Every structure is written in structure tokens, then in C-alpha cells.
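Taking it in order: structure first as C-alpha cells, then the write-up.
The values are calculated or read from the model by the stated rules, or taken from the named source; none is laboratory data. Note that the coordinates shown come from a computational prediction; the quantities given were computed from them, not determined experimentally. Cβ: placed from backbone, ideal geometry, glycine included. Neighbour counts: every protein chain shown.
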Amino acid sequence: MAGSALSILTDSIANPVRCKRGAAVVRWSTLLCIVMVAPALFAQGAIGHVLDIKGDWYLYRDGAESNKGQKLSRWQDVPPGGVIRIKAPSPDDHISIVDIHLSLLVAKKCAGPNTCYQPIFLPRDLDDSGVTGKLNSIVTGAWNLLWGEPYQQSLYRTRGATPILGEGIAPIENHTVDLRESMQHMHKGKYSLVPYQPQVPEDRRTAAISFDWNPDVGSAISIGDWRPGLYEIGGVDLADRSTPLPTISLRVFLCSSSEYPVTSSSFQKVRTLSEKWAEAADQETIHSFLRAYLAEAARMNTEATKP
């Protein structure tokens, strides 16, 4: 399997996908061309990751309960052949795990009596007969980002109405961006666009660009000399003043127009797979994963386009 993945990588270097605009673009296209390669290159022994969890769930890596178990946490990776057990389950306890292809592997809820006393046996290998959903290096980076820090937890702790969250990719062309795909469900009104700068003090952050949005018309938004990267869209004022302005947070990766087709296609595949997690995880968890994916895609783009 690793050999076939290597051949895909070699072929993508020799024949970059529709890109002939410099070595930097070729390197980035090569990274995205390996979206569906064998997980053996990237998984580092993991068979999946904990997507959502509540309760005292423990992992026994070699399957022997005599050994001390490791308490599981959200986003943590799990090994092939491991055994998972819960201590003192309650009706609200649950666990869900997605495999390295982003398919749901485990979805256990403890709602009924005795539903969680049986151990969960993780498979030792996965069916690799299909191509769709194979792990890629961007997904690996996204899991590492989520596991390494409490990623954007403050975003979802807004009082009042449930925030409107979204993620997307848009192309930059001639110093403008077309946000129709990312904002197709947004109300008519005024919005702001600003570089996503979580580590920069507020008094040093780049000033936001305000723009008027009409979903029936759409428009190209001028961004001046802003470069490809991760951006945040928020609501400023709705045209319908009778509608309260909700908390809006759209995370968008703005990339060059030449990179957009393959970048957007890869993200759409990942988003389609994540939509199948709806019954095993809440929407906040899914949005966190997609935002981590975009953050890693933007980081890899920056690395690939350095001189």
C-alpha cells in the first residue's frame, strides 16, 4: 500500500495538476495531490481518533485489562487492536471514534441499562479496498492541532443565541475574492473580513475590511495586498433591522486562483465525510475539526510557497 502511495506522489511531482506557474505552486499542488494516499504514510500506528466522549473510558493498548489503562480524551488517537472499557457508566456517557479514513468506527451511548459494560474491541486493520476517505497529511496535522491545544473552545461559549458557524475556501484573483460559496446562506447586510490572528494582541491586529453582501447578487470583494491565508468573516449589521444580528463566525482559507480547484475539492471531500458524524458528535465538534483542517491547509500552503 505504501508503494502505491509513493507512486502517486512520484507521478504528481512529474505531472503537477494543471499547475505550471512556478516551483512553489508545484510543491503545494503536490501536497494536495496526495489527499487520497495510503494511511501507512501518515497514520503512525493509529487506527482512529476519539471524536466525542463523556465518561471514564479507558484504553488498554494490548487488550489486557491487567495492565493499567489510559484514560481517553477527545481528539486522542487510538491504536489497532486496542480494547476500550468504561468505569462506572452513567446514562449520559458516550464515546465516538472515527477511523483514519474519517469513517465512523465506534458510536457507543450508555442510555440503556447494561449497554456499556461490554468492551469495545478496535480492529487490527481496516478495509483499504476503496480510495475515498484515505488519510492525508493535512488531516494528520489537523488531529495534531486539536490534540495539542484546546482548539477554539472559547468560540462556542457565547451567551444567548446559538452562533452561526461555517468554514470554506475561496480564491484570490486580481486582489479580490469571491465569497459566494462560503456566504451563500448568509443574510443580506454588512460583514467584516479580517486575517485570523489568534495569537496577536487586539491592539496590533490588522483592521478589518467591511463589505456589503447580497446573496442574490454576490460580488467580488477587494482585499488589497492581503495574501493567501486564514481569514475570519463576522456580521456587522443586517439589512433587515427587525432581525437580531446573530453571532457569526465564518473561517475561510483564501488561496490563489491557481490552487483553488484542487484545494477546494480536497476540502469538500473532507467536509462530506464529516457530515456523516452528525449522530455521533455535536456540530461544535465537527466545526472544530473542519477549522483545524483549514488551519493546517493554510500552514502547509505558507510552508510550500516560501522562497
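Some values worked out for this structure:
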| read-out | value |
| --- | --- |
| Filter result (over 11 Å from the mean Cα position of the chain (by Cα) and in a helix (DSSP H, G or I)) within segment 281-307 | 283, 284, 298, 299, 300, 301, 302, 303, 304 |
| Long-range neighbours under 6 Å by Cβ, at least six apart or interchain, first residue in the same structural domain as residue 54 (by TED's automatic domain parsing) and among the small types (Gly, Ala, Ser) within segment 67-92, second assigned to a loop (DSSP other than H, G, I, E, B) and crowded, with 18+ Cβ neighbours inside 10 Å | 82/122 |
| The one condition in (1) without any contact (Cβ under 8 Å) to a residue 24 or more places away in the chain; (2) touching a helix residue (DSSP H, G or I) at 6+ places or on another chain (Cβ under 9 Å); (3) in a helix (DSSP H, G or I) that residue 278 fails to fulfil | (3) |
| Filtered residues of segment 177-208 (kept if among the hydroxyl-bearing types (Ser, Thr, Tyr) and not in a strand (DSSP E or B)) | 182, 196, 206 |
| Tally of residues being crowded, with 17+ Cβ neighbours inside 10 Å and under 18 Å from residue 168 (Cβ atoms) across segment 212-256 | 20 |
| Every pair of residues 6+ apart whose Cβ atoms lie under 6 Å, when the first sits in segment 186-199 and is of a type in the set (S, T, N, Q) and surrounded by fewer than 19 Cβ atoms within 10 Å (Cβ to Cβ) while the second is modelled with pLDDT of 90 or more and part of a loop (DSSP other than H, G, I, E, B) | 192/208 |
| Some residue of segment 244-266 being within 17 Å of residue 103 (Cα to Cα) and either of a type in the set (Ser, Thr, Tyr) or not assigned by TED's automatic domain parsing to the domain that holds residue 54 (or both) | yes |
| Residue within segment 218-228 that is at pLDDT below 90 and either assigned to a loop (DSSP other than H, G, I, E, B) or in contact with a helix residue (DSSP H, G or I) (Cβ under 8 Å, 6 or more places away or on another chain) (or both) present | yes |
| Residue among 262, 217 that is among the β-branched types (Val, Ile, Thr) and free of Cβ contacts under 8 Å to residues at least 12 places away in the same chain | 217 |
